[in-house]
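First comes the structure, then the notes that go with it.
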Amino acid sequence: MSKLTGSRKATQFTESVIREMTRLNDLHGGVNLSQGFPDFPAPQAIKAAACEAINGDVNQYAVTWGARPLREAVAREFTRRYGLPVVADAQVTVCCGSTEAMMSTMMAIIDPGDEVVIFEPFYENYGPDVILSGATPRYVTLHEPTWSFDPDELAAAFNEKTKAIIINTPNNPTGKVFSRAELGTIAALCRKWDAVAIADEIYEHIIYDGESHIPIATIDGMADRTVTLNGLSKTYSVTGWRVGWTISPPSLTGAIRKVHDFLTVGAAAPLQQAGAVALGLPDDYYRKLAADYQRRRDVLLEILERHHFTVYKPLGAYYIMTDIGAFGFSDDVEFARYLVKEVGVAAVPGSSFYKNGAAGRTKLRFCFCKKDETLQEADRRLEKLVAARLSVH
Ligand SMILES: Cc1ncc(COP(=O)(O)O)c(C=O)c1O
């Protein structure tokens, strides 16, 4: 057999459906409500800080595990918000986005054959992350409409091979915010089976309706067994900067830093400098961020409902999961392609968030991290859907 093929690992997963939808959207000149990046500007103060860092010649490699001002800002803010002491030198590692933070963490702590528990639907990167690190995934369903899990089902997914569980709260794609009670259930299982919690908290500040974000690291006995991931992308509307980080127990930091160093050496030095400025923005910034997103959420909820989607109202993050049963398409990918080509709106097929794609076949995810004009243009284009619906009813 020819050796000019991809590795067994690389052939076990497909290219990202989310990024494919963005490319299709660009081809058809659609309104992109698929990939989660803002189409409005990042805050002026942090753009200025990045320019200043470049002009001030912060242009060489930063320390491989992250520039001190950013690591210290990450530690300071986590302690200030949640009361948990974090030591920058022993616990914080800056990576190229929380994407690399997740990959470095998985590669650093997983051995082939170890099991990792993942809630489904999941952010699509977790699938390939698990394969590349050699882990065996164990999926536990989040049940709509509230996306709750069955504690017995979760308990059944843990065993002596369980090395870690991935928790993403606020959650992409469902908008679920895990409650203290739910996190307590997860924490008890982590303690029982000596497992690590890997907490993707990238939507920490994007939370609605008076809900509050609870890091699982703050639950009893979890600080020593939680790796918290976060980054600049979503909180400061700079998804292209690729700056994220891990906060890990000192016992795991060395392994994460080694993997991170050999994967990427480090994140962009001037953008780390600007990141330290970003983390120092006043609390008002975060209140406004959440309030602005809540308003956009309500705008898109109303638009989608009016166009006959069944919506699941998110309590955090910036996506709306919908059910597309009313349109008579039997396949979500076919519907998503129709939507982008014929209607001119890109969304993500639900099956890309499930291991067993059939579970997502009637779902579609829209994002609302967009300007009002963008959402209004999507509204106008969705008018065309009436015809599609009439043809099946
Ligand atoms: C749950 C989740 N984690 C991580 C990321 C990627 O974050 P970053 O830009 O920091 O790599 C995303 C982006 O959509 C996400 O939704």
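Every read-out reported here was derived from the displayed coordinates using simple, explicitly stated rules and does not represent laboratory data. Small disclaimer: the values here were computed from a predicted structure and weren't measured. Positions of Cβ are generated from backbone atoms using ideal geometry, with glycine treated the same way; all protein chains shown enter the neighbour counts.
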Residue separation between Glu160 and Asp57 times 0.36 nm, minus their alpha-carbon distance, gives in nm 32.0 nm
Listing Tyr203, Tyr293 by rising number of other beta-carbon atoms within 10 angstrom, fewest first, gives Tyr293, Tyr203
Distance in Å, no decimals, from the C-alpha centre of the stretch 62-129 to the one of the stretch 292-306 is 31 Å
For the stretch 148-226, the Cα convex hull volume per residue in Å³ comes to 92 Å³
The stretch 275-382: relative contact order from alpha carbon pairs under 8 Å, six or more residues apart, as a whole percent, is 25 percent
Subtracting the Cα-Cα distance of Thr64 and Tyr338 from 0.36 nm times their residue separation yields 94.1 nm
Rounded to the nearest 5, the percent of antiparallel DSSP beta bridges in the chain equals 50 percent
Taking placed amide H atoms and a strict 5 Å upper bound, the residues 5 or more places from Thr169 or on another chain that come that close are Asp200
In this structure, among Lys163/Lys371; Lys234/Lys363; Lys161/Lys370; Lys47/Lys363; Lys9/Lys384, pairs with alpha-carbon gaps over 31 Å are Lys163/Lys371; Lys161/Lys370; Lys47/Lys363; Lys9/Lys384
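Defining a contact as two alpha carbons under 8 Å apart and six or more residues distant in sequence, what relative contact order in percent does the stretch 160-243 show?
RCO, the stretch 160-243: 30 percent.
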From fewest to most C-beta neighbours within 10 Å, the residues Thr99, Thr322 line up as Thr99, Thr322
Quick note on Arg306, Arg138, Arg365, ordering by fewest other C-beta atoms within 10 Å, gives Arg306, Arg138, Arg365
If amide H atoms are modeled at 1.01 Å from N in the peptide plane, then the residues at a separation of 5 or more from Glu120, or on another chain, having amide H under 5 Å from its own are Val140, Thr141, Leu142
